[in-house]
1. For a quick check: sort B:M260, B:M54, C:M44 by the number of other beta carbons within 10 angstrom, fewest at the front.
2. Within a 10 angstrom radius of each residue's Cβ in A:158-164, how many Cβ atoms of other chains show up on average? Whole number is fine.
3. Between B:D574 and B:F595, with labels modelled 7 Å along Cα→Cβ, what's the label distance in nm to one decimal, could you check?
4. Shape verdict for region A:17-65, please, from the Cα gyration tensor: rounded (a/c under 1.5), prolate (a/b greater than b/c) or oblate.
5. Which whole-Hz couplings ³J(HN,Hα) result when phi for each residue of region B:410-418 is put into the Karplus expression 6.51 cos²θ - 1.76 cosθ + 1.60, θ = phi - 60°, listed in order with x for Gly and Pro?
6. Rounded, prolate or oblate: pick one for region B:523-671, where a ≥ b ≥ c are the square roots of the eigenvalues of its C-alpha gyration tensor, a/c under 1.5 means rounded, and failing that, prolate if a/b is larger than b/c, else oblate.
7. Which ³J(HN,Hα) values in Hz, rounded to whole numbers, follow from the phi angles of region B:253-260 under the Karplus curve 6.51 cos²θ - 1.76 cosθ + 1.60, where θ = phi - 60° and Gly and Pro get x?
8. In degrees between 0 and 90, to the nearest 10, how far off the longest principal axis of chain B does helix B:649-670 point, with axes built from Cα atoms?
Amino acid sequence: MEFAIFVVFAALALAGALGVVLGSNPVHCALSLVVTLVSVAVFFLQQDAQLLAAVQVIVYAGAIVVLFLFVIMLLGVDKRESLRETLRYQRPAAFALGAIVLAEVLFLAGRTWATGARSQRGSLDAPVDGDNLNNIERVARSLFTDFLWPFEITAALLVIAVVGGVVLARRSGQPVELLDEADDEAAEEVEEEVREHAEEGTASS
Amino acid sequence: MSSRDLLDLLWLVPALPLAGAVTLLLFGKRIREPIAGWFATGLVGLSFVWTVVMFLALRDIDPRAHESIIWKLIPSGGFQVQLGFLADPLSITFALFVTFVATLIHLFSIGYMHGDERYSRFFGYLNLFVAAMLVLVLGNGFLITFLGWEGVGVCSYLLVSFWFERPAAAVAGKKAFVTTRVGDFGFMLAMFLIFEQLRTLDYSALEQASTLTTGTATAIALLLFLGAVGKSAQFPLHVWLPDAMEGPTPVSALIHAATMVTAGVFIVARAHPFFEHSATAMTVVAWVGAGTALLAGTIALVQPDIKRVLAYSTISQLGYMFLALGVGAYAAAIFMVITHAFYKGTLFLGAGSVIHGTGDNQDLRRMGALRRFLPLTAGGFIVAWLAIAGMPPFSGFWSKDEILASAFSAHDYGVWVVGVAAAALTGLYMTREVFLVFFGNERFRAAPAAEAAADAEPAPEEGVDESTVSPTVAFGDPPAPARLEHDPHESPRTMTTPILALGALAVVAGVLNLPFRSLEFLTKWLEPVFEDVPEIHPNSFVGGFALSTLSVAMGLIGILVALSLYRHGLRRPDEDPGLERLGFAGRLFGHAYYFDETIARAVAGPITRFSDWLDRVVDARIIDGAVNGTGWLFQNLGGRLRRVQTGLVRNYALGVALGAAGLLLFMLVRG
Amino acid sequence: MTLAAVEVTANYYLVLGALLFTVGAVGLLVRRNVLVMFMCVELMLNAANLTFVTFAHELDDVGGQSIVFFTLVVAAAEVAVGLAIIVAIFRRRRGATADDLDLLKG
C-alpha cells in the first residue's frame, strides 16, 4: 500500500515539477507547483511528519503560491513567454550540468555521505518521560528547547521580511526614470486590453 | 707642555682654514671686501704659524712620527677605521710649504680679485681648498687622505669654474673634475685592494707592504699611480690642466702649480713601500714622468697664451718629479716639489700681474717690453725663469740636477736622456715667454683713432658680450687687436709682495738640499720616512760635476736658441719665428698632438653612438615595450574577462551550478 | 500485487528528492520569466525539505523536522521579499524577463 501511494504521488510530484519548468503560462506553472507541493506533503505524512505536512499545505500551497498568483496577476505577465532561448549555450549547459549534478549526488549519496549519525535531538517514536507524545508535541519540544535561538531569530527575520516587503512595494513619490514614453504607452495599452478582456469575459491566454 | 701634547693639536692646522671657509661661505654676503680677503689670509697665515710650531715640536721627539686619532669609526665587518692626523717629516714638510705658499697667494688675491662680485665666496673656496689639501697631507691613513683628495678635487672644480658665466670656464671645471675622477677610480680600487690584503687602511699598512706578492704590490702601486696621474696631470690624464687656466690666476698659482698637482707626488712618496716592492711599477712611474716631461715641453714651445705655457710647463715639471720617484730618489722629488712651488708660483703670480696690468690680455703676441712698466713683476719673473731653466745658483738648478744625477746613478739611462732633453726644452719655452712679455717690441698699443678706420684688422663683433668670452688664447687663434690705450701699470703692493717673496725663495731655496754631505738638510730630515729605500749616490764627485755641467749646458742651449729667435720680439703679431721653423711639428705641438680630438673621436664618439642605441632600442623599444606591453596585456585580458559579466542572472546561476558540480566532483574524487 | 510488498526505504525518497532538485535547478537556468524562476527555487527548497524529513524518519530524530520548519519560515520570508522586489522592478515594464535586468553588465 505504501508503495502504491509512493509511486502515485512521486509521479505526480515529478509531473508537477516538469510542469513548472516547461509551462509557458505562469499561472499554469503555479498550479503545477501546487501539485508538487501537495505530493510532498503526502510524503511528509508517510514519514511521520504530520505537523510538517499540515504546515506545508497551509503555508506553501496556501500562502506562498497564492502570493505568486497575486503577483502574476498584478504584473500582467499572462503573456506567453517565448520559449526560444536567446543565450546559445545556456540550455545545453543547463542540461549537462543538471545531469552531472544529479549523477554526482546519487553516486555520493550511495557511498560515504550518509553517515547515519544521529543528532541526538530527540526521538520520533520513543516515549518521553513515560508519555507517548504526538508529533506536534515532539516538534514543539524540540523547537523550544534545542532550537530556541534559531526560533527567535527567524521570528525577527519574518518581521524584517514584512517591513521589507512594504518598503519595496510601495510606490515612491518620484517615479523612477526607468522607462521612456514608449513604455508608458505600452503599459497603457496593456491596461486597455485587460479592461477589454474583463468586459468581454474571455480569459487571455 | 710636551712636544707630544703639542702635536696632538695638529688638527688645528686644517681646522683654521676650514673655519674660515665655513664662515665665508655661510656669511659671505655680509662680509665685504677686503675684510673677507684679509680674514681668509689671516687664518691661513695662522695655520702656517701653527705648522711651524708643529715642525719644531716634531724635531724634539724620537721616533719622528706622531699620530693623533680624532675619530674612531667602527663600521661593519670588523673594519675599524681610525681617522686622525699623522705628524711625520713628510707630512709636515708638505704642510709647511702648502700653508706658506697659500698665505702668499691669499695675499695676492686680495688685490687681484678686487671688484669681483663674489669676492668673499672666492676666499671661502680658497680656504676650503687649503683645508682639504692639509687633510690630504696630514692624514694618518688612505681613507682620510682620500677625503682630502676628493675635497681638493671639488674645490678645484669650484674655483676653475668660478667665473661660470663664461661657458669655457664651466666646461673647463667639468673637464677637470671628470678627468681626475678617472684617477680617483684608480685610487679607490687601490684602497679596496689594500684593505682586502692587509685588513687596514691606515698607513700602518705600509709596514706590511713587503709581505705582499709582487703582483699584488704592482697592482696597488699602479692603481695609486693612476690616481696620481689624474691629480698631477700626467699623460694621458693631462688634458684638464691647460683648460683649467680659465680659472682666476691665483687659483692657477695655488692649485695648479704648487699644491693640488703635487698631491700625486705626495701619495706616491707616502706609499713608496708598495712601489719599492714592485720594480714594474717603478719603471712605469719613471717613464710616464719622463715621457710627460718631454711631451709637455714640446707643446709649450708654441703656445700663444701666457698661462697655457705655464700650464704645460707645470705638467712637464711634474713629469720630472715622477721621474725622480720612479728611480727611487724620493727626497729629490720632494725637493723639487718645494722649489717648483716657489718658482712656478712666482711665474703664475707674475703672469697674473701682467694680465692685470695690460687690461686682461693674455696673448703673448700682444705684449712686449713690459719690463719698463712692471719692473717688480719683471724682476720676480726673471728670477723664476732662471730657476726653472736650471741655472745655478738658483734653486731650480739644484733640484733638477739632483733628479737627473739620481737617474744616472741608478743606471736608468733611458729616462736620464729624456730628462736632459726636456731640460733643453724648458730653457727654450721659458725664455721665449720671458722675452715675448718683458723684452722686444711693444705690441700692445692701440693704434691712434685716425688709423684705426683704415686698419685692415677687423673690429670685434658687435653684440658679443665680452665678459662671457674667454680671454684664453687657443693655439691657432688670430691675435686680438691691440686695445691698450694707456700705459700698462704695475700692480699694487698686495700683489707684488708675494711675487717678490716667492721669487726670493726661488733664488735661495737651493740651500735646503745642497748635494754636499753635510748640507743635505731635506734628505736628512726625510730620512725616517724613507729608511727602507736604498740610497743613490753619484759614483764620484767629478762624475757628478760632469753631469751637472751637462744639464746646465742643455738648459743654456735652449735659452740661447730662444734668445736668437725672440730677442727682438715679434716683427708681426701673427708671425712666430719658432713656429715657422717647426712647420708641421709646430702645428702638432700647438694642438697638443690632437689628443683631445682623438679622445673625442675614439671614446666620445662610440660612447655617444652606444648611448643613442641604448636610447632608441633598449629604452624605447625593449623597456618601454615591456612596460607598455604589460599595461596592454592587462588591458586586453581585462577586456576579455569583462565579458563574463553579462549582467544576466541566469548566467550567474549557471556559474553557481558549475561550481556546485565542480565541488561535488572534488568530493567524489577525494573519496 | 507483489509490488505492494516492496518496502519503501529511505532511498526512494532520497532519489526522488534529488530528481526534484535537479529539475528545479535546470528550470532555474532555462526559464526567463522571473516568477517561474522563483517557483523553481521553491521546488529546490522542497526537495531539500523532503530529504530532511526522510532522514529524520530514518534516524528517528526530530531535529530533522525542526530544520524543515525553519526552512519553511525562511522560504516564506524570502518569497515575500523577493516578490516585492520583482513588483518594484517590473511594475511598469512589459513582460518580466530576467534578461532585461542587465545593468550589472561589465
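What follows is calculated from the coordinates using simple rules that are stated; it is not laboratory data. Since the structure is predicted, the reported quantities are computational estimates derived from the model, not experimental observations. Because the Cβ atoms are built from the backbone with ideal geometry, glycine has one as well, and the counts that use them run over all protein chains shown.
1. Values: B:M260 28, B:M54 25, C:M44 18.
In order of increasing Cβ crowding within 10 Å: C:M44, B:M54, B:M260.
2. Values: counts 5, 1, 2, 10, 4, 1, 6.
Partner Cβ neighbours, averaged per residue: 4.
3. It works out to 2.9 nm between the two label points.
4. Since a/c reaches 1.5 but b/c is at least a/b, the shape of region A:17-65 is classed as oblate.
5. Karplus-based 3J(HN,Hα) across region B:410-418 equals 7, 6, 8, 5, x, 5, 5, 4, 4 Hz.
6. Working: a/c = 8.34, a/b = 2.77, b/c = 3.01.
Since a/c reaches 1.5 but b/c is at least a/b, the shape of region B:523-671 is classed as oblate.
7. Along region B:253-260, the couplings run 5, 6, 7, 9, 10, 9, 10, 4 Hz.
8. 90 degrees
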